[in-house]
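Remarks on the structure that follows.
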Amino acid sequence: MTVQQQRDKIMYVPNQFQFKDEAEKIAFMKQYSFATIITNKDQLPIATQLPFFIEEQQDKLVLTSHFAIANEQAKYIEATTSLVLFTEPHAYISPAHYDKQESVPTWDYISVHAYGKAKILEDENSKTKVLEQMISFYDQNYLAQWNSLSDKFKKGMMRGIVAFELEVTDLQGQKKLSQNKTEAERHRIVEHLEKGDNTVEKDLATYIRKL
């Protein structure tokens, strides 16, 4: 088996649900940037949910975030490849929307898997940059308050985190949006998802409409 064939088998993606557009995958990651990072510890997976800052640097895609210093996962991210899961939105799809009586329920969703080895950022300037990138992306209104904080407070905060960056070496994705159903069936699914109060389901309906 070639290296490419091994990579292709990392994420199971049926042909009709292929998610190949790199720019679209990156845009999805930025929109749903609270993700799960999974790393091996003694051949057992450990995971943490973290907000990520996603940045395209020339020909590289880099993810940055930080652990709480007490989180032992930080000890293993440099030694092994980590998997970062970006997933959302999703929804249960009832067979009531299908034409055929002999149909079964399913789940529609979008997911992107990013693989790479992480590098811990030790110096104060790098850690400051990570925090300020996160603030600018997630809460620009807080930036003025952050800038007014004392150096003593900021340094104390940075002592409590482990900042890191992860260069993505492989990016895979799946869009399961009822592509294997008829246009009429998808229309009924979208109408159902849009009429409820669930914002996640409404977000999914928007993606299905784009097919």
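The values are calculated or read from the model by the stated rules, or taken from the named source; none is laboratory data. Not measured: the values here are computed from a predicted model. Positions of Cβ are backbone-derived with ideal geometry, glycine not excepted, and every protein chain shown enters the neighbour counts. What goes into the accessible areas is simple: the full protein's heavy atoms, side chains included, and nothing from ligands, DNA or RNA. Shrake-Rupley method; radii C 1.70, N 1.55, O 1.52, S 1.80 Å.
General observations
- Peptides 91-101, 109-119 ordered by average Cβ neighbours within 10 Å, highest first: 109-119, 91-101
- Those lysines that a straight Cα-Cα span of less than 19 Å connects to Lys155, excepting residues fewer than 8 apart in one chain: Lys127, Lys129
- Of the GluC sites (Glu not before Pro) found in segment 113-208, those in coil by DSSP whose Cβ has at most 13 other Cβ atoms within 10 Å are Glu122.
- Taking N as its residue count, the alpha carbon Rg of the chain over 2.2 N^0.38 Å: 1.20
- Cα-projected label distance for Lys129 with Ala79, points at 7 Å along beta-carbon direction, nm: 2.7
- Distance from the alpha carbon centroid of segment 120-176 to that of segment 22-85 works out to 13 angstrom.
- Segment 1-118: projected area of the alpha-carbon convex hull, averaged over directions, in nm²: 10.4
- Of Thr80, Thr64, Thr182, the one that fluctuates the most in a GNM where the chain has Cα springs shorter than 10 Å: Thr182
- Among Val200, Val168, Val84, the largest mean-square fluctuation in a Gaussian network model of the chain, built with springs joining Cα atoms closer than 10 Å, belongs to Val200.
- Residue-span extension gain [Lys41 to Gln57] - 0.36 nm each, minus C-alpha spacing: 2.8 nm
- Rg and Dmax of segment 57-129, based on Cα coordinates, read 19.9, 62 Å.
- What the chain shows is 59 Å² of accessible area per residue, with the surface traced by a 1.4 Å probe over protein heavy atoms.
- Residue of Ser126, Ser65, Ser150 that the Gaussian network model of the chain assigns the largest fluctuation, springs spanning Cα pairs under 10 Å: Ser150
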